[in-house]
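Heads up, the thing below is written out as structure tokens.
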Amino acid sequence: MKVRKSAAPFYAVAVIWLAYALLFPLYRVSHFLIVGGISAAAFLVLTALCAKTGVPEGEKQEEKPKEESTGNAELDKMLKDGRMAIAEMKRLDESIEDPAVSADIVRLQQVSEKIFARVKEEPTKLPQIRRFLDYYLPTTLKLLNAYDRASSAGISGENVDATKAKVSGMMKTIVAAFEKQLDALYGTEALDISTDITVLENMMAREGLTDQELKAQTVPAQDDGIKLEL
């Protein structure tokens, strides 16, 4: 990796020569040797310091991304909590070695990201995921952290094995519940589409454009939440 060289050592040498010429005599060989020695020492010291603090060539210093506000304090909090939850899932995925549990964590991460993106797109759905945010998501992370600690113990015992078995056995149910929560966020849209299709089919039937009979317009019951016993 190449490091961009700093021009500071060269400027320092120029300043030393100028200052010496202004303040001290500079007409003997010994004078030139003195100022030359001082310049060389300063050049070497500054070169070493700049090498330690230099920025890799072609790269910029990373700046912490600023969190953009949506103008909705409650939505901003949800997005912030969501980012923290996703980051914790990534950490757990890297820490937990069991491939099955790790795969479930990746799926939870993907579904959670889609849930947060959906609510960000349509903030009126925020109340619909309140229980998900306040209970299901943090409880799931709590269970996964318990599994992670049990795995990190490095022993096989009754309590450790029981903890790991209970959590791993619950993961498929948790994944299904998260997916159901995501699906519920599209309930209104699906209902609107079904209504539009029914109206369209009835209009075409009345006009004699199709052989289909008129259909009754029904309103299916909505299930906006998820139910999961943890």
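The values are calculated or read from the model by the stated rules, or taken from the named source; none is laboratory data. What you are looking at is a predicted structure, and each value in this text was computed from that prediction instead of being measured. Positions of Cβ are generated from backbone atoms using ideal geometry, with glycine treated the same way; all protein chains shown enter the neighbour counts.
Summary table
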| item | result |
| --- | --- |
| Condition check for I96: within 20 Å of the chain's Cα centre (by Cα), buried (at least 17 other Cβ atoms within 10 Å of the Cβ) and closer than 29 Å to A73 by Cα | no |
| Qualifying residue in the range 143-161 (condition: within 26 Å of D76 (Cβ to Cβ) and at pLDDT 90 or above) | yes |
